[in-house]
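Notes to accompany the following structure.
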């Protein structure tokens with residue numbers, strides 16, 4: 001009896017030790033991963049509050065010098081404004097294309113609607129560099145390379161898939177029977193669609209607008225191929241400035257971009273996850 | 001009565017050459033609850049979609065209160081719709097759901113509020129007006145769906161297995177509720193189900209459907225006791241179908257039948273002309289019978305105690321598997337493998353035409 005108890009107790013103790021080691025290892029791995037991901041972000045944010053006019057860590061002085069320089073420089077202001085304009089146009093265009101397309105893909109008996117969906121996602125699937133070369137050729141032929149419209153169209157090819165995915169997913173959670181009931185209750189087809197289905201999609205539409213905006217705003221590859229000399233968007237300006245010299249100003253831009261994009265992205269995701 | 005609330009004439013629907021509906025005629029009178037009963041794929045839901053206007057028939061006529069509705073949009077047909085999934089508008093309160101039909105019909109706000117109040121009372125959902133559908137139980141949601149379809153006094157309410165998503169006990173309660181509400185409003189209802197108990201409990205008339213056709217129609221009790229053919233007997237009344245060698249009809253609606261080597265006199269209200277079978281319901285089989293009864297020599301294959309009754313499956317020589325519902329106390333000796341004799345009283349057997357292929 002007593003011997004049995006000892007054996008059981010020993011086994012129990014061994015199990016506990018194994019559990020404790022496993023838990024410690026798990027915490028260590030998670031911490032390392034978190035630090036590896038967040039360290040560059042933290043470093044960037046810290047340096048953005050440096051008072052120096054060169055890169056140094058830790059900074060020799062602190063202050064808002066980088067932000068002041070950013071606001072006073074016409075170069076950065078113009079880049080920010082262009083990025084905003086392009087992103088706004090891209091968001092509007094992508095939603096205007098993506099929402100009706102998702103509706104047709106999910107709700108109609110349109111032949112080839114699955115192929116349409118696959119085609120809609122191409123911009124997201126093809127390697128970006130190859131895609132950029134193709135777009136370069138196409139927009140050149142159309143005479144749109146180096147124009148605002150060309151840049152908007154190029155970025156929209158990346159933003160439309162985002163809208164398509166978000167809206168088709170949201171639409172699959174709205175039962176088609178809702179519209180049928182509304183129609184028998186006396187609503188016209190349009191009223192049933194807008195008043196019921198589109199109304200229920202509203203959070204997803206707002207969220208996908210935000211995500212489309214972000215997709216365009218942070219786009220840094222296509223613009224180098226299809227953008228003209230004057231078309232320096234913010235990511236392109238950052239790239240250029242990093243290439244031609246290192247100014248700590250870019251850490252201020254990066255910090256602002258991270259904050260803005262983070263807010264939009266978090267807001268969008270929360271909208272999508274909201275319970276009905 | 002005035003003109004029928006709903007009239008279907010020769011309705012056919014073919015999908016890529018497959019006949020979903022193969023010439024359906026049906027009339028529903030005002031205030032009547034008619035059930036379309038049939039296995040899945042028999043065309044009952046397709047018929048409902050055609051009446052609602054979600055789909056167009058390949059041919060045939062559909063009229064509601066004498067108006068040909070085939071060219072009308074669902075909104076113009078004056079129908080109400082209740083789905084199995086409730087399909088409540090999740091972004092609207094109970095009151096807004098109930099008042100939706102009145103709102104799109106541009107009824108004044110005060111009228112709407114009054115009507116919604118009446119409906120909440122009728123549905124026994126007092127004080128639920130400001131709640132959202134997600135805050136209601138399944139039974140409550142289905143009552144709201146019912147009220148929403150009835151709110152604007154449609155000519156006919158179409159219900160597609162409305163109790164299918166509820167559990168057994170709640171379903172029985174909702175059957176009563178539904179019947180009461182339908183009576184109170186004297187609503188006309190076309191009701192789709194595959195559940196024979198539901199059909200029996202609710203219907204003024206039942207139309208049994210099979211392979212896109214109505215194969216039998218009548219009041220529940222009549223259809224149950226006098227099925228129109230072998231399929232109706234089997235599907236609706238769970239009857240056993242025994243092979244018939246030959247039969248002779250007489251003037252009194254009776255027949256003399258040769259079955260399993262015996263001669264029995266039984267009822268034959270459907271007056272079969274071609275091949276026929278003898279329908280005997282499980283509860284009509286007894287352990288004892290007189291010399292006029294049909295005698296079945298059988299071997300027990302399976303038994304299942306249901307409480308007061310025992311469901312016994314047997315292999316009958318010359319007739320295949322047969323199911324009997326026997327008094328549990330009277331059938332304790334019925335173990336698998338046992339050879340037994342069962343009797344069907346002649347007044348409980350019905351001669352019906354064999355089901356058409």
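The values are calculated or read from the model by the stated rules, or taken from the named source; none is laboratory data. Because the structure is predicted, anything quoted here is derived from the model rather than measured. Cβ coordinates were reconstructed from backbone atoms using ideal geometry, including for glycine residues, and neighbour counts include every protein chain displayed.
Within the stretch A:243-255, take every residue that is farther than 13 Å from residue A:69 by Cβ and in a helix (DSSP H, G or I) and give me the one that is farthest from the chain's Cα centre (by Cα).
A:244
Being part of a loop (DSSP other than H, G, I, E, B), surrounded by fewer than 21 Cβ atoms within 10 Å (Cβ to Cβ) and over 8 Å from the mean Cα position of the chain (by Cα) is the filter here, so list the residues in the stretch B:193-225 that pass it.
Scanning the stretch B:193-225 gives B:204, B:211, B:219.
What are the residues in the stretch B:319-357 that are within 32 Å of the chain's Cα centre (by Cα) and in a loop (DSSP other than H, G, I, E, B), if any?
B:319, B:328, B:345, B:354, B:355, B:356, B:357
Find the residue count for the stretch B:267-281, including only residues that are within 20 Å of residue B:323 (Cα to Cα) and more than 26 Å from the chain's Cα centre (by Cα).
Number of matching residues: 0.
How about the stretch A:143-215: which helices (runs of 4 or more DSSP H) wholly inside it have at least 1 residues that are within 11 Å of another protein chain (Cβ to nearest Cβ) and over 23 Å from residue A:263 (Cα atoms)?
Answer list for the stretch A:143-215: A:177-184, A:189-192.
Just one of A:181, A:163, A:174 is at pLDDT below 95 and over 21 Å from residue A:233 (Cα atoms); which is it?
Among A:181, A:163, A:174, only A:174 is at pLDDT below 95 and over 21 Å from residue A:233 (Cα atoms).
When the residues of the stretch B:154-169 are narrowed to those that are farther than 13 Å from residue B:194 by Cα and part of a strand (DSSP E or B), which ends up nearest to the other protein chains (Cβ to nearest Cβ)?
B:158
When residues of the stretch A:165-185 are filtered for being surrounded by 24 or more Cβ atoms within 10 Å (Cβ to Cβ) and more than 25 Å from residue A:116 (Cα to Cα), how many remain?
Residues in the stretch A:165-185 being surrounded by 24 or more Cβ atoms within 10 Å (Cβ to Cβ) and more than 25 Å from residue A:116 (Cα to Cα): 5 in total.
Quick one: is residue A:263 away from chain B (no Cβ under 14 Å), under 19 Å from the mean Cα position of the chain (by Cα) and surrounded by 15 or more Cβ atoms within 10 Å (Cβ to Cβ)?
For residue A:263, the condition - away from chain B (no Cβ under 14 Å), under 19 Å from the mean Cα position of the chain (by Cα) and surrounded by 15 or more Cβ atoms within 10 Å (Cβ to Cβ) - is not met.
Each row is one residue, and each column tells you yes or no for (1) surrounded by 14 or more Cβ atoms within 10 Å (Cβ to Cβ); (2) at pLDDT 90 or above; (3) more than 15 Å from residue A:253 (Cβ to Cβ).
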{"residue": "A:66", "(1), (2), (3)": "yes, no, no"}
{"residue": "A:72", "(1), (2), (3)": "no, no, no"}
{"residue": "A:76", "(1), (2), (3)": "yes, no, no"}
{"residue": "A:123", "(1), (2), (3)": "yes, no, yes"}
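Would you confirm whether any residue within the stretch A:46-60 is farther than 27 Å from residue A:207 by Cα, touching a residue at least 24 places away in the same chain (Cβ under 8 Å) and assigned to a helix (DSSP H, G or I)?
Yes: the stretch A:46-60 contains one or more residues that are farther than 27 Å from residue A:207 by Cα, touching a residue at least 24 places away in the same chain (Cβ under 8 Å) and assigned to a helix (DSSP H, G or I).
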